Amino acid sequence: MKLRLNFFGSFFTGLTLLATLIIFAILIVIIGNIVLQGHKIISWDFITKAPREGMTAGGIFPAIFGTVALVILMIIAVLPVGVMTAIYLHEYAKSESALTKTIRFAVNNLAGVPSIVFGLFGLGFFIQFVGAGMDNFFGLEVVWGQPCLMWAALTLALLNLPVVVVASEEALRAVPSEIREASFALGATKWQTIRRVVLPQALPGVLTGAILSISRGAGEVAPIMFTGAAYFLPYLPHKPTDQFMELGYHVYVMATQSPDVEATKPILYGTVLVLLILTLLLNFIAIFIRSKVRRQMRQGV
Amino acid sequence: MNAESIMREETEANIEPKTPEISGKKIESVTPKILVEKLDFYYGKTQALKDIYIGIQENQITAFIGPSGCGKSTFLRCLNRMNDLIPGTRSSGKVFLDGIDIYSRGIELSELRRKVGMVFQKSNPFPKSIFENVSYGLRIQGIGDQNILEETVERTLKDAALWDEVKDKLDQSALKLSGGQQQRVCIARALAVEPEVLLMDEPASALDPISTAKIEELIQDLKKNYTIVIVTHNMQQAARISDYTGFFFLGELVEFDQTSKIFTNPRDKRTEDYVTGRFG
Amino acid sequence: MENLKTIEKKHQSEFVISKKRFRLSEFIIEKVIFLSSFFAILGVILIFVFIFREALPVFTSPEVKKEASLNLFFSTVTWQPISDDPRYGLIAIIFGTFKVVVVALFFAIPISVGAAMYTSEFAPLKLKEFIKPIVEILAGIPSVVLGFFALMVMASFFHSIFHSTMRLNAFNAGVALSFAIIPVIYSIAEDALNSVPRSLKEASLALGANRWQTAFRVSLSVAMPGVLAGIILGLGRAVGETMIVLMASGNASMLSANIFDSVRTMSATIAAELGEVVHGSAHYNVLFFIGASLFIFTLIINSLAQLVVGRLQRKLAGKI
């Protein structure tokens, strides 16, 4: 009986190991396929030149540029707000007050909103309300009330707000309370303590959140489809009211709407590879920083 | 009615306090540096301090002893209102520092804590350099003059008997020092803001005997310029270094007197049982 | 050289003043911090307001209601907004979402819960620190890349095995979708399993149970609310996911029970048609209506998951 029980047990344990291995396998197959098919086309030209001949030749520099511009605008918007929200929640708010609970509820729910709904929001609010309103107010034709970098970046900022808030709060929580007490006992005020002692120590964790949000911002397509991304533009965006090319959006359109799939295949794979490298690299860095910080804390450094 | 006149009123009303009777004897008629009247303290629904009356003399070392959980650390933290940081606590009663009730309305807490400094049981240096740790208290007051900072750091590290050991590595992280050295950094850090009162919660409990001896020597030196209040679970330490001792038990201040009296001829049986080791 | 004492003497009367010293910069900073924390709340409210604003005509405007009203949504199966006789039958689209999500959960739940169990109960210590980052890498792959992979590679692969009539179908999209939600379920389930107190596991082992019995009978059952919360959130993510289904499901709004037929999901419908829709038309309002439904659905899902997690925390604390 014992033997059969043990066999049964080993069987189930083995199944869980199998499940883990399946995940590894999925990862290897996907990344492997993309690397294998895409690495041939990666070259200096590919990264620095614009596409030609209906996306069958040339490079994807505009898409890279657009993605970077988008993400920079996004982080300028989301990082201060997210960090300050985390500071408020962790350092100032009384933990069970109605306001605190509401903020947490809002942050949690923002995290679950589908990305296409953000796209709808960007369209319905930023472009058609704020943008159109601004055009009206300034007596312009159509400058702000159309898809552009600004609104796409703000839409992504809202989407990534929970990421920054959660990572920042975790970082603040990790700062031991004795340090705060020591600061207060020396006569420092709350903000002085936060600025001089807590935030510097929480910085790596905050950075992790920022990097993760950048990675997510670079990869999401649905929120920018109708708020500013375009498939082909003969110019690079140089003001926030410009439209922009973007890596993820480029992949989507090329993969689903190319007239000649075989001809665009190399560029398509190359673009996917670039996007993948970008997002995975950012994720690696963020995970690395986070685990280094966690290890440091455990060792009491 | 401006701030000055309000303050003067309060001061005049309190400068001749009715010296409460404790242990059947009046406290010396010199105005105590700190005077506590009818202090009660609650953690939520639990009462941690009951009806405390005490006068702490200037430039003397006052020690509080008692079994764990008796309220002595809680009492210490009432003296610089560090308990305010813990949610769900409340207190009633008055604590007069130089004649002003620190629990009255409008007290600027950061000023109070500069006057009444604290050294914690477990040393808590900032993860910064030794220099930055010790000069922290000055920087937050807006003092940025490098000369003042350097002079203060040197002076207080010397007072804390640590200067010779660290003078060549002031830029090193304070966390790299040994436990005893870290505690002395914390003491230097507290001294740098030039408090008038220094509260020390079990200042040497986490240290080895040699470091403990150094710290005890240091405390006795500091008495010249500071009023010192110590909490310790080590009776012998209290007997060694303090001038006055108070015995806490179950949230009450059972007895408070000159140290020699407490240890040789206590009035209360509970005190006697504790100092003779019958419990605790 | 002034030292602290002389500076102090100048400010002697300021000691413990009966009025707080008003530091302007600190006051402003604290107010700014306080106000910025409202952005999250503001964001949710604005999303709510503006999506519903554009969806409202479906309920309130008579012209719109002629073409598309709550009744009409469910009285016809056809989704054909671009035609002389526009039809807005939602049944096929909703069922399409359902099919894809079912396939995705079918694959994702055993894999992610199994891997979570392995990580927290059986894996040797060195491996543990390795597995979690790997799953986080999977989480980091953008959904457009997963959709791309499903379109270019998986579709043909499944086609060669199953010989379905349609290359891009619910199965294809569902499997790719499962890749996206495995990390979601995994991380929450693994956290829940990890937070089962060691003392419980040790008690079980001390009674003679072996590791797998402890894992299944003790850890899993105690952590079940957390695992459940992970599954619920995975469900929410699956329903809302757009790019994968947009690229891999075939985008044909047909109602059929066969998982190897193409489908159209709610999210993909919005993404596919919002680009060409006329602002203010009935079609436009209906698309926003679908978006509003998705938003409400995920709100409910999230609240449910939070409730379940709250239950777990109270259980571990001994309050249940």
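Miscellaneous remarks
- Condition met for B:T74 (hydroxyl-bearing (S, T, Y), part of a helix (DSSP H, G or I) and in contact with a strand residue (DSSP E or B) (Cβ under 9 Å, 6 or more places away or on another chain)): yes
- Index of the failed condition, C:V49 passing every other in (1) over 27 Å from the mean Cα position of the chain (by Cα); (2) modelled with pLDDT of 90 or more; (3) within 20 Å of A:G124 (Cβ to Cβ): (1)
Conditions (1) crowded, with 17+ Cβ neighbours inside 10 Å; (2) touching a residue at least 12 places away in the same chain (Cβ under 8 Å); (3) assigned to a helix (DSSP H, G or I), marked per residue:
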| residue | (1), (2), (3) |
| --- | --- |
| B:D221 | no, yes, yes |
| B:I228 | yes, yes, no |
| B:F248 | yes, yes, no |
| B:D257 | yes, yes, no |
| B:D273 | no, no, yes |
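- Count - residues of the stretch C:281-320 that are under 30 Å from A:Q146 (Cα atoms) and either at the interface with chain A (Cβ under 10 Å from one of its Cβ atoms) or modelled with pLDDT of 85 or more (or both): 17
- Taking the criterion of being crowded, with 21+ Cβ neighbours inside 10 Å and over 24 Å from C:P81 (Cα atoms), the only residue of the stretch C:288-300 that qualifies is C:T298.
- Residue within the stretch B:124-142 that is touching a Gly at 6+ places or on another chain (Cβ under 9 Å), modelled with pLDDT under 90 and not in a helix (DSSP H, G or I) present: yes
- Considering each residue of the stretch B:39-50 in turn, none proves to be within 13 Å of chain A (Cβ to nearest Cβ), touching a residue at least 12 places away in the same chain (Cβ under 8 Å) and crowded, with 17+ Cβ neighbours inside 10 Å.
- Residue that is buried (at least 21 other Cβ atoms within 10 Å of the Cβ), touching a helix residue (DSSP H, G or I) at 6+ places or on another chain (Cβ under 6 Å), within 30 Å of C:S221 (Cβ to Cβ) and facing chain A (nearest Cβ under 10 Å), where the choices are C:A139, C:A104, C:A108, C:A115: C:A115
- Members of the stretch A:242-301 found to be of a type in the set (S, T, N, Q) and closer than 30 Å to A:A171 by Cβ, listed by number: A:T279, A:N283, A:S291, A:Q296, A:Q299
- Pick from the stretch A:85-141, criterion farther than 15 Å from C:A40 by Cα and charged (D, E, K, R), ranking: surrounded by the most Cβ atoms within 10 Å (Cβ to Cβ): A:E91
- Of all residues in the stretch B:230-246, those that are crowded, with 17+ Cβ neighbours inside 10 Å and more than 16 Å from the chain's Cα centre (by Cα) total 2.
- Filter pass, C:F59 being at pLDDT 90 or above, part of a helix (DSSP H, G or I) and under 27 Å from A:F118 (Cβ atoms): no
- Among (1) more than 30 Å from C:E190 (Cβ to Cβ); (2) assigned by TED's automatic domain parsing to the domain that holds C:S281; (3) among the charged types (D, E, K, R), the one test that C:K65 misses: (2)
- Cβ-Cβ contacts under 6 Å between residues 6 or more apart (or on different chains), taken from a first residue in the stretch C:261-280 that is farther than 16 Å from A:F121 by Cα and aromatic (F, W, Y) to a second residue that is part of a helix (DSSP H, G or I) and modelled with pLDDT of 90 or more, are absent.
- Within the stretch C:156-180, the set of residues being among the aliphatic types (A, V, I, L, M), surrounded by 24 or more Cβ atoms within 10 Å (Cβ to Cβ) and away from every other protein chain (no Cβ under 11 Å) comprises C:A170, C:A173, C:L177.
- Test: A:Y231 is outside any helix (DSSP H, G or I), under 24 Å from C:G250 (Cβ atoms) and either within 10 Å of another protein chain (Cβ to nearest Cβ) or of a type in the set (F, W, Y) (or both): yes
- Flag if A:L278 is at pLDDT 90 or above and either part of a loop (DSSP other than H, G, I, E, B) or over 30 Å from A:P176 (Cβ atoms) (or both): yes
- Scanning the stretch B:132-162 for residues that are crowded, with 20+ Cβ neighbours inside 10 Å and of a type outside the set (S, T, Y) turns up B:E132, B:N133, B:V134, B:G137, B:L138, B:I140, B:V153, B:L157, B:A160, B:L162.
- Among residues of the stretch A:2-14 that are facing another protein chain (nearest Cβ under 7 Å) and modelled with pLDDT of 70 or more, those with a Cβ under 6 angstrom from a residue that is surrounded by 12 or more Cβ atoms within 10 Å (Cβ to Cβ) and assigned to a helix (DSSP H, G or I), sequence gap 6+ or separate chain, pair up as A:G9/C:W212; A:F12/C:W212; A:T13/C:F122; A:T13/C:W212.
- Those residues of the stretch C:28-52 which are at the interface with chain A (Cβ under 7 Å from one of its Cβ atoms), part of a helix (DSSP H, G or I) and within 18 Å of A:T155 (Cα to Cα), in sequence order: C:S36, C:F39, C:A40, C:I41, C:G43, C:V44, C:L46, C:I47, C:F50, C:I51
- Once the stretch A:78-122 is narrowed to residues that are part of a helix (DSSP H, G or I) and hydroxyl-bearing (S, T, Y), the residue that is farthest from the other protein chains (Cβ to nearest Cβ) is A:T100.
- Selection from the stretch A:199-221 of residues that are more than 30 Å from B:V116 (Cβ to Cβ) and away from every other protein chain (no Cβ under 11 Å): A:L203, A:P204, A:G205, A:V206, A:L207, A:T208, A:G209, A:A210, A:S213, A:I214
- Some residue of the stretch A:175-198 being touching a residue at least 60 places away in the same chain (Cβ under 8 Å), in a loop (DSSP other than H, G, I, E, B) and either away from chain C (no Cβ under 11 Å) or buried (at least 24 other Cβ atoms within 10 Å of the Cβ) (or both): no
- Against the numbered list (1) more than 21 Å from the chain's Cα centre (by Cα); (2) more than 8 Å from chain A (Cβ to nearest Cβ); (3) touching a residue at least 40 places away in the same chain (Cβ under 8 Å), B:L138 comes up short only at (1).
- Looking only at the stretch C:217-231, and only at residues there that are buried (at least 24 other Cβ atoms within 10 Å of the Cβ) and within 11 Å of C:I185 (Cα to Cα), the one that is modelled with the lowest pLDDT: C:G226
- Checking each residue in the stretch B:77-97 for being outside any helix (DSSP H, G or I), aliphatic (A, V, I, L, M) and more than 14 Å from chain C (Cβ to nearest Cβ) picks out only B:I86.
- Summed over the stretch A:262-284, residues that are surrounded by fewer than 18 Cβ atoms within 10 Å (Cβ to Cβ) and more than 9 Å from chain C (Cβ to nearest Cβ) total 5.
- Here the stretch B:98-116 is the region considered, the condition is being more than 7 Å from every other protein chain (Cβ to nearest Cβ) and in contact (Cβ under 8 Å) with a residue 60 or more places away in the chain, and the residue that is nearest to the chain's Cα centre (by Cα) is B:V116.
The values are calculated or read from the model by the stated rules, or taken from the named source; none is laboratory data. Just so we're clear, the structure is a prediction, and the values are computed from it rather than from any experiment. Reconstructed Cβ throughout: ideal geometry from the backbone, glycine too, with neighbour counts over all protein chains shown.
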